[in-house]
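Step one of this worksheet: look at the structure below.
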Amino acid sequence: QVEYYVVESSDAAQPRIDVNIHEIKIVIPENGTTNPHEFVRKNRDWIGEKWHKYTEYRDRAPERTFEPQETFPYRGDQRVLDIHDVPEHNITDEKIILSEKETSETSIQNELETLFRNRARALFDELASKYAEQMNVEYEGLAVRNQRTRWGSCSPKQNLSFNWRLIMAPPEIAEYVVVHELAHLRETNHTKRFWWIIRDQLPDYRERANWLEEHGIELIFTDEDI
């Protein structure tokens, strides 16, 4: 047995079921004739399969303690967290080195998040600039946000937003998300043409998208991300 809730939407032309790691939402057209509970009963096997998948997904979430010698992923590789008497934070091929002075004034968790956010901003600026030119599109602004349910987004005003946690993923995954959102500047919906635009830049985009779906849980930073 699982819990779900029902939402009436004036934008919905057909009833649908949205299942994610947090909830099951039944969306039905406003003033329509759909019985949401009967709709759920007809689709219970599909709902159960999806919910079971997300239950397993949650069980794979890493437990973070934010203690020295703990490992964190950075750009696809595991690095050991170290605290040293250094003037500023740094990341090497093997370690994430945080300044002892800075962490004592806030916390290891806060300083590590700040470091990751700054590195993510630099990465997204670089990728967006590169691929916008290649794809012949222009965007208004770029933000790195604390999104918990989305990896990226493109607003109607052509502003791009990206989840800073992607700095923990392999570089090609962040690259895919950037190209995905830039493609929305040429095609709003996920049409065949939309995917052709992405494939033109990244022929292996399916493998990258599949990696993100399978391993996205490994990129959580704290329990609040689940």
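With the requirement that a residue be among the β-branched types (Val, Ile, Thr) and in contact with a helix residue (DSSP H, G or I) (Cβ under 9 Å, 6 or more places away or on another chain), what does the stretch 83-113 give you?
Passing the criteria: Ile83, Val86, Ile91, Ile96, Thr103, Thr106.
Could you check, for the stretch 106-125, whether at least one of its residues is of a type in the set (A, V, I, L, M, F, W, C) and more than 28 Å from Asp85 (Cα to Cα)? Explain how you work it out, then say what you get.
Of the residues in the stretch 106-125, the ones of a type in the set (A, V, I, L, M, F, W, C) are 108, 112, 115-116, 120, 122-124.
From what is left, the residues that are more than 28 Å from Asp85 (Cα to Cα) are 124.
Yes, the stretch 106-125 contains a residue that is of a type in the set (A, V, I, L, M, F, W, C) and more than 28 Å from Asp85 (Cα to Cα).
Which residues, counting only those in the stretch 208-222, are surrounded by fewer than 17 Cβ atoms within 10 Å (Cβ to Cβ) and closer than 17 Å to Phe116 by Cα?
Glu218, Thr222 - these are the residues of the stretch 208-222 that are surrounded by fewer than 17 Cβ atoms within 10 Å (Cβ to Cβ) and closer than 17 Å to Phe116 by Cα.
If you take just the strands (runs of 3 or more DSSP E) that sit entirely in the stretch 1-111, which of them hold at least 2 residues that are open to solvent by less than 80 Å² (accessible area, probe 1.4 Å) and over 27 Å from Ile167 (Cα atoms)? So that I can check it myself, show each step before the final result.
Values: elements: 5-9, 16-19, 24-29, 71-74, 77-84, 95-99.
The qualifying strands (runs of 3 or more DSSP E) are 5-9, 16-19, 24-29.
If we keep just the residues of the stretch 112-164 that are in a loop (DSSP other than H, G, I, E, B) and of a type in the set (Val, Ile, Thr), which is farthest from Leu212 (Cα to Cα)?
Of the residues in the stretch 112-164, the ones in a loop (DSSP other than H, G, I, E, B) are 136-140, 146-151, 155-158.
From what's left, of a type in the set (Val, Ile, Thr): 137, 149.
Values: Val137: 25, Thr149: 13 Å.
For the stretch 112-164, the residue satisfying everything is Val137.
Please go through the stretch 151-162 and give me each residue that is closer than 17 Å to Ser129 by Cβ, within 10 Å of the chain's Cα centre (by Cα) and not small (Gly, Ala, Ser), ordered by number.
As a first pass, look at the stretch 151-162 and keep what is closer than 17 Å to Ser129 by Cβ: 152, 154, 158-162.
Filter again for within 10 Å of the chain's Cα centre (by Cα), leaving 152, 162.
Hit for the stretch 151-162 is Phe162, nothing else.
Look through Arg64, Arg79, Arg58, Arg75 and report the one residue that is among the charged types (D, E, K, R), in contact (Cβ under 8 Å) with a residue 24 or more places away in the chain and touching an Asp or Glu at 6+ places or on another chain (Cβ under 9 Å). First the steps, then the outcome.
Details: Arg79 fails: in contact (Cβ under 8 Å) with a residue 24 or more places away in the chain; Arg58 fails: touching an Asp or Glu at 6+ places or on another chain (Cβ under 9 Å); Arg75 fails: touching an Asp or Glu at 6+ places or on another chain (Cβ under 9 Å).
Unique residue meeting the criteria: Arg64.
Among Asp125, Asp225, Asp204, which is the only one that is in contact (Cβ under 8 Å) with a residue 40 or more places away in the chain and acidic (Asp, Glu)?
Details: Asp125 fails: in contact (Cβ under 8 Å) with a residue 40 or more places away in the chain; Asp204 fails: in contact (Cβ under 8 Å) with a residue 40 or more places away in the chain.
Step by step, each of Asp125, Asp225, Asp204 is checked, and only Asp225 is in contact (Cβ under 8 Å) with a residue 40 or more places away in the chain and acidic (Asp, Glu).
Which residue out of Arg121, Arg165, Arg117 is charged (D, E, K, R), open to solvent by less than 20 Å² (accessible area, probe 1.4 Å), under 15 Å from the mean Cα position of the chain (by Cα) and within 30 Å of Arg199 (Cα to Cα)? Working first, answer last.
Details: Arg121 fails: open to solvent by less than 20 Å² (accessible area, probe 1.4 Å); Arg117 fails: open to solvent by less than 20 Å² (accessible area, probe 1.4 Å).
Exactly one of Arg121, Arg165, Arg117 is charged (D, E, K, R), open to solvent by less than 20 Å² (accessible area, probe 1.4 Å), under 15 Å from the mean Cα position of the chain (by Cα) and within 30 Å of Arg199 (Cα to Cα), namely Arg165.
The values are calculated or read from the model by the stated rules, or taken from the named source; none is laboratory data. Predicted model, so just to flag it, every value in this text is computed and none were measured. Positions of Cβ are backbone-derived with ideal geometry, glycine not excepted, and every protein chain shown enters the neighbour counts. Note: areas computed on protein heavy atoms with side chains; ligands, DNA, RNA excluded. Shrake-Rupley method; radii C 1.70, N 1.55, O 1.52, S 1.80 Å.
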